[in-house]
1. Of all residues in segment A:21-76, count the ones that are of a type in the set (Phe, Trp, Tyr), within 20 Å of residue A:166 (Cβ to Cβ), in contact with a Leu (Cβ under 9 Å, 6 or more places away or on another chain) and not in a loop (DSSP other than H, G, I, E, B).
2. Residue under question is residue A:277, and the condition is that it be crowded, with 24+ Cβ neighbours inside 10 Å, more than 10 Å from chain C (Cβ to nearest Cβ) and either touching a Lys or Arg at 6+ places or on another chain (Cβ under 9 Å) or charged (D, E, K, R) (or both); does it hold?
3. For residue C:199, are the conditions met, namely being more than 8 Å from chain A (Cβ to nearest Cβ) and part of a strand (DSSP E or B)?
4. Can you tell me which condition residue A:47 does not meet? The list is (1) buried (at least 23 other Cβ atoms within 10 Å of the Cβ); (2) modelled with pLDDT under 95, and all the others hold.
5. Hey, could you check segment A:176-203 for residues that are modelled with pLDDT of 90 or more and among the basic types (Lys, Arg) and say which is farthest from residue A:13 (Cα to Cα)?
6. Given B:318, B:260, which one is out of contact with any helix residue (DSSP H, G or I) (no Cβ under 6 Å at 6 or more places or on another chain) and of a type outside the set (Gly, Ala, Ser)?
7. Report, by residue number, each residue of segment A:80-103 that is closer than 22 Å to residue C:133 by Cα, part of a helix (DSSP H, G or I) and more than 7 Å from every other protein chain (Cβ to nearest Cβ).
8. Among the numbered criteria (1) away from chain A (no Cβ under 12 Å); (2) buried (at least 16 other Cβ atoms within 10 Å of the Cβ); (3) of a type outside the set (A, V, I, L, M, F, W, C), which one does residue C:210 miss?
Amino acid sequence: MGRTVLTFAEIRENELRNVSFEALAAAKDISDGGEVVAAVAGSDDDSLAETLFHYGADRVVKVENEILDHYTNDGYFQAYLQVIQTVKPDVVILGHTALGKDLSPRLAARFNAGLISDATDIEVIDEEVVFTRPIYSGKAFEKKRVKEGTIFATIRPNNIQALDKDSSRTGEVLTEEVVINDLRTVVKEVVRKATSGVDLSEAKVIVAGGRGIKSAEGFKPLEELAEELGAAVGASRGACDADYCDYSLQIGQTGKVVTPDLYIACGISGAIQHLAGMSNSKVIVAINKDPEANIFNVADYGIVGDLFEVVPLLTEEIKSLKVGV
Amino acid sequence: MDFRLDEEIEFLKTNIRNFVNNEVEKVAMQIEKEDKIPERIIELSKEMGLFGLSIPEEYGGLGIGMVGKCALYEELGKTHNGYTTLIGAHTGIGTVGIVELGNEEQKQKYLPDMASGNKIGAFALTEPEAGSNASNLKTTAVKRGDTYILNGTKHYITNAIEADVFTVMAVTDPSKGAKGITSFIVEKSFPGFQVGAVEEKMGLKGSHSAELIFEDCEVPEENVLGEVGKGYMNALKILANGRAGLAARNLGSCQKLLDMCMEYVQERVQFGVPIIEHQAVAHMVAEIGVEIEALRSFTYRIAWKVDQGEKVIKEAAMLKLYGSEVYNRVADKALQVHGGVGYISDYPIERYYRDARITRIYEGTSEIQKNIIASQLRKEYS
Amino acid sequence: MDIYVLLKRTFDTEEKIVINEGKVSDEGVDFIINPYDEFAVEEAILLRDKHGGEVTVVSVGSEETEKELRTALAMGADKAVLINCEDLEAQDQHTTASILAAFFQDKDYDLILGGNVSNDNSTGQVGPRLAEQLGLPYVTMITNIEVDGNTATLKRDVEGDTEVIEATLPLLVTAQQGLNEPRYPSLPGIMKAKRKPLEEIDYDDLDIDEDEIEAKTETITTFLPPEKGAGKILDGELEVQVKELVSNLHQEAKIL
């Protein structure tokens, strides 16, 4: 029994986000021989459709309306709604991104449907789609299913492996002109963040600082290391509370939950709330002066020492590794 | 007999516990290093209304009985004792005089600001030559028209540099000994009042003790607290009233030490097993547990008696004595249980050990408590 | 302004999770107001103090939730409503949102605030689902809100960027970290909270068809993440440690 699975691809700075490819991989699994449809809005770049085919889409719907150049809840809701009504999918998948989080519950509510948010794994067991998702910020996990009707799900970036690119794949491109009325919430301005370009939730590598950073300037060596690694910079609640950085960088139970390939914790003691936000990272490096610090209990590699000595050394070492390669 | 606390008091306790854990505990090391309570903590304590916990509701305070107060003091005892002392000395001996003895005008004038924490209170009895022997005061108050002129020096006055309002004992009639002493409400801003040298102390960092110097200090007559000549009895009353609260703070500190011990003995491994498996250690924590339970029962029973309006001069002295001695024994054992870690300043145990020591001295030494107890017993049996 | 706050009782963030027979055990667990909902309560109080009106805190939960509602009242909310649905089996976000939608049917509101997510299930669904059911516009993950007459100007956290959004009341918003610093309930506030109205209603007192609120999803099982093996604390001179670390990351973990 094949399923029609619809994924909504996301664009940032004119490029498809990684999570969109991961959604295609998930869709492929779930479709069970059915059809994988990718819808893309907010761009008239034809090459995007090509790329979506390469990563597993069987059909691409280009959603057209100039209002979609910028995200608004009402605008995108009306557009996605119309696409869903056209495609009539069995399953709808979005990334668990700012957009996905904002829009998916409303779409599910409109279809009176179940939504599984923030899935980290998807399996098909006995014809049933079973989602794994973290609860209590990753202190535990649950397996969940939608009992009946259309299945809505959002997937957490960085957890489901995208398919290998297959440049030979191609498919049908449809254009859906969508009608959008009445935007009740209007975006007046977007203020870009001051910190480096890599977003925490999608970063492959994260360099995070805690209270041991001691001041806002203390982030400087971390930023240099992050730049060398192409990493995002994050922080513990302690560092945010002490005003060393903005709360948008906070990782932990009341901040962002991240699962990068490499997490470098600098001057972070490892309160349980922080661990909840990062302990499912693939490899964890801890740098802390206090050998008793809790963070060492979850670290794969630990260095006991002053981060202001260790981090610059690390930056240099990585530079020379790159030169060596 | 019902030993449960009111639901409302439990609720207050929970909220103080959250505040203490989330805020004060985080800066305990900082307080210790800088000998200063961070401004944020003071501000939050004001917003929470902690400064008003012994003041009646009609003056902006909390209006709860002694059992309730003790329950809250117990929670406050679980954190840095310097911070606890700032609050405790204010809400205890710093405000109780005005609450218990003040006339309506005095209460209206001072209590609302003291309840909000905008004005901090302190109690000034001790002098260089009058410590335990409180009747040997040398500070004089001479009436001139409708003003009293104070001259003399007080020392070891807790909250001296933070306080705005002092309850001061001075001699108005030297010929009458203890019956010639009168209590006054003295404001920091009165002419002729100044704060002298601040003492360096062994512990209680963040709480400050200093000298008060009165040089022809002018105190208006309406600031006489209670009756003229009743100052000595007033002082004893104020101190007696503070005693249950002090015991409750000590109880909280003991409980905190037990909490830390129990975590440590189950985690620390020596000779291949957690140290709780060693009988010598197990017995020490057992003894701490017993001491705490006994102190808890004692504290709340006396607090309950206070709430019934019973006279507790003897019992309050017993409780002050017992609570202070238990705190010292518990702190000593807790340090022993922790071994080397207990002696290191990076960990809080040695701080409690140092802070415990003053409790056998201030607000009436252990020895003076025994005198009071003995003399009360003599009265009972004569 | 008539302001409503959606509140959930959740595990204290310090709690470790214990699984018992495929379910998270709540034995001996300390509960708190979901931290994100606490931001919402604080913001509601600030807005009320500025613009006048009344703050009502609503929770769909069990009788125990009374404690968290009392805490919100002690912080300064005016009224609380507990919609008890202990007897209701098979609940999910659809259920909660539908019960709330039924509750709001006959209410006047200018603003409904909730947390961006709860710190237990973290789905972030209830706010937007409720808004959709009520036909309200909504803005999620706000870090600032200013109200001027009928217009709200909001800042929204979008993966680090900030969107400035304008919307008209009535409106539903969900709070993100950084919106404010919630106050501690004051001791006099706690005493007063006892005298403030806390209404308890049963979900089936509302105009609800039980079939319509039935959960759309179900949990099959719950489990703990695999325990991490003990890590490797490096030693030697710092330079040597750093070299070893980089070579480990490069060769063993194949990361760099």
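The values are calculated or read from the model by the stated rules, or taken from the named source; none is laboratory data. Computed from a predicted structure; not experimentally measured. Here the Cβ positions follow ideal geometry from the backbone for every residue, glycine too, while neighbour counts run over all protein chains shown.
1. Residues that pass the stated criteria total 1.
2. So residue A:277 fits the description; yes.
3. yes
4. For residue A:47, the failing item is (1).
5. Applying the filter and picking the extreme gives A:184.
6. B:260
7. A:80, A:81, A:82, A:83, A:84, A:85, A:99, A:100, A:103 - these are the residues of segment A:80-103 that are closer than 22 Å to residue C:133 by Cα, part of a helix (DSSP H, G or I) and more than 7 Å from every other protein chain (Cβ to nearest Cβ).
8. (2)
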